[in-house]
Amino acid sequence: MGLKVMFVSSEVAPFAKTGGLGDVVGALPKALHRRGIDVRVVMPLYAGMNWDALEKLDGPLRIPMWWGTARSGVRLGRLPGSEVPIYFLEYHRYFDRPYLYGPPGSGYDDNVERFTYLSRGALELTKAINFLPDVIHANDWQTALVPVYVNTVEWAQPLHGAATVYTIHNLAYQGIADSGALSITGLGREHYNSGEFEHFGTLNLTKGALRHSTMLSTVSPSYAKEIQTPDFGCGLDGVLHARHGDLVGILNGIDVDEWNPATDPHIAAQYTAARIEGKSACKAALQTEAGLPLDPRIPLFSAVGRLTHQKGFDVLAHSMDRVLSWDLQFVLLGNGDREAEQYFRTLSARRPDRFRAWLGFDNHLAHRIEAGADFFVMPSRFEPCGLSQMYSLRYGTLPIARATGGLIDTVQTYDQATGAGTGFVFGDLTPDALANTIGWALSTFFDRPDHVNIMRKRAMEQDFSWDAAAETYERLYLDAYRHRRGHAFPGRLLAEARRTA
Ligand code: ADP
């Protein structure tokens, strides 16, 4: 008998994605399936998906809502490249819209209602298809009601025996609404208290999940510690600290097939740690594409990311005058904040000899930058896990990273005495600290090229596949099961887990 796990998520790549959440739920279930876990996924059917490629199941599925019953369609597909079933809840009034959550910078007014539907609907689906999971895995505020419903509306029902795991992908988004929105969830007023949903006078869905889930996780060990402190807890540090014994940090994996310099079809030449010559061709191609002087001896720095407060590009902007006074080149790909876009566009026009910015979203260009650059700059204010630094390491492009969250767990700072390390890490998020660290990388490039070469090779040999993460999640599920049921999971997997422990 194998463990049964139901994933609930508002994003699953490649079907729908706005960030790391989608990547995780698109990849982790496949790695769990390879370990013999019976895993399924449920998400909404959004506009823009290839609806016709999905099998329509007999319906309708009846989902209780505050206003009555939502009669929903259900479609079935598979996670690409796997046998993992993924169920799509079809309700056009909520999800046939241009955006997942609302236009940039704002949210749809009825988001609590839309994701109440998803959370409640996932449980109704589970019952309708007769899949009684050992663990239900909810992700971020959009599915925060799942563990609450398991403890309340499912009380004394078969689903009540399921353990719940709630993963925080980014604590900055919590699902906050007016207290009156509680009635939309169908839960009684008695749940509006400071131990459940009430948080400083508002309704906070995440807080409800933190209180009700059997176990909690987040996407890196360092972020798990940080969110228990006022600086990173976004107001929920006390709630998280109170449950620190049930909170684990599990580093995300990356898609090692898509991000593989040995096979990447988007780059000028493929390369490996043992045969790295191709990287020079990628650098030359990137210099040409950026309109920068073609010169292998000039170090090429890069940055790719959302231009938001989280990513610290404002700090980079403040260090740019100093950085561009040095003998280096810098390329940047990003979009988001209008002011930041304008700043980098102007800088690009002012310093075409050393700096090039692309303001937009372009995945193929992100690949060419990872392959062509020497260094990759990530001055994040906070970083739950971060993927780009792992891509950089895999492409032998040494990260220059702020010591926060997942960056701490993935980048080892350079030791000038020994040549140890895989990147350049700095602590204070100030223009000076960032510029000094870029300067440190620059001097290392010129003065200790052998160290750069050793670090590159070391970086490229790191293992960031999902298989390691899946093993840790499996252990978390077994723990959650034991907490919920009061006894260990009675299956083959447990015996295996014991053997490997
Ligand atoms: P976050 O999920 O917080 O945005 P991550 O580092 O975890 O940060 O993941 C960012 C992902 O988005 C990476 O795959 C990165 O290459 C990609 N990305 C971000 N901005 C852009 C852009 N403007 N163009 C192409 N890819 C981008």
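A short reminder: the numbers here are calculations on the coordinates, not readings from a lab. Treat the numbers as computed from the prediction; the structure is a model and nothing was measured. Ideal geometry is used to build each Cβ from the backbone, glycine not excepted, and the neighbour counts take in all protein chains shown.
The table below lists the values:
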{"read-out": "Projected label distance in nm at D178 and A274, using a 7 Å step from Cα toward the beta-carbon", "value": "6.6 nm"}
{"read-out": "Alpha-carbon spread of the stretch 147-297, three principal axes, descending order, Å", "value": "67, 34, 30"}
{"read-out": "Principal-axis tilt of helix 449-460 within the chain, Cα atoms, nearest 10 degrees", "value": "20 degrees"}
{"read-out": "Backbone HN-Hα couplings from phi across the stretch 203-212 [Karplus 6.51/-1.76/1.60, Hz, Gly and Pro as x]", "value": "8, 10, 5, 4, 4, x, 5, 5, 7, 9"}
{"read-out": "Pairwise FRET efficiency - Q462 versus H266, Cβ, R0 = 30 Å, nearest 0.05", "value": "0.90"}
{"read-out": "Anchor K4: lysines whose Cα lies under 28 Å away (excluding residues fewer than 8 positions away in-chain)", "value": "K17, K30, K56, K127, K207"}
{"read-out": "Whole-Å semi-axes of the stretch 231-350's equivalent ellipsoid (Cα gyration tensor)", "value": "34, 25, 12"}
{"read-out": "Cα→Cβ-extended label distance, 7 Å offset, between H244 and N436, nm", "value": "3.0 nm"}
{"read-out": "Per residue, the convex hull volume that the Cα atoms of the stretch 143-202 enclose (Å³)", "value": "96 Å³"}
{"read-out": "When the stretch 1-68 is reduced to its Cα atoms, the Kirkwood hydrodynamic radius in Å", "value": "13.9 Å"}
{"read-out": "Gain on full stretching of the segment that runs from R71 to E258 - 0.36 nm per residue minus C-alpha separation", "value": "63.5 nm"}
{"read-out": "Theoretical ellipticity at 222 nm over the chain - DSSP helices of four or more residues, -39500 (n - 2.57) apiece, nearest 500", "value": "-11000 deg cm²/dmol"}
{"read-out": "Share, in percent, of DSSP beta bridges within the stretch 21-122 that are antiparallel, nearest 5", "value": "75 percent"}
{"read-out": "Ellipsoid equivalent to the stretch 278-460 - semi-axes via the Cα gyration tensor, in Å", "value": "22, 19, 16"}
{"read-out": "3J(HN,Hα) from dihedral phi, the stretch 252-262, Karplus parametrisation 6.51/-1.76/1.60, rounded to Hz, x for glycine, proline", "value": "5, x, 10, 7, 6, 8, 5, 9, 9, x, 6"}
{"read-out": "Positive minus negative residues near A340 (Lys, Arg vs Asp, Glu; Cβ under 11 Å)", "value": "0"}
{"read-out": "At R0 = 56 Å, FRET efficiency that the Cβ-Cβ distance of D321 and A156 yields, to 0.05", "value": "0.30"}
{"read-out": "Surrounding net charge for G439, when Lys and Arg each add one and Asp and Glu each subtract one, Cβ distance under 15 Å", "value": "-3"}
{"read-out": "Rule-of-thumb Rg ratio for the chain [Cα; 2.2 N^0.38 Å; N residues]", "value": "1.01"}
{"read-out": "Largest-first ellipsoid semi-axes for the stretch 385-501, taking √(5λ) over the Cα gyration tensor eigenvalues, angstrom", "value": "39, 16, 10"}
{"read-out": "Karplus 3J(HN,Hα) series, Hz, for the stretch 474-491 with 6.51 cos²θ - 1.76 cosθ + 1.60 (x for Gly, Pro)", "value": "4, 5, 4, 4, 5, 4, 4, 4, 5, 4, 6, 9, x, 8, 6, 5, x, x"}
{"read-out": "Computed Rg/Rh of the stretch 270-325, alpha carbon atoms with Kirkwood Rh", "value": "1.07"}
{"read-out": "If the convex hull is drawn through the Cα atoms of the stretch 1-158, its volume per residue in Å³", "value": "113 Å³"}
{"read-out": "Extended-chain gain in nm, criterion 0.36 nm per residue less alpha-carbon gap, T202 and D295", "value": "27.8 nm"}
{"read-out": "Förster radius 51 Å - calculated FRET efficiency between R34 and Q416, Cβ distance, rounded to 0.05", "value": "0.80"}
{"read-out": "Where labels lie 7 Å past Cα in the beta-carbon direction, separation of E83 and D428 in nm", "value": "5.8 nm"}
{"read-out": "Within straight-line cross-link reach of K457, aspartates and glutamates at Cα separation under 20 Å, skipping those fewer than 8 residues along the same chain", "value": "D255, D257, E258, D264, E277, E370, D374, D409, D415, D447"}
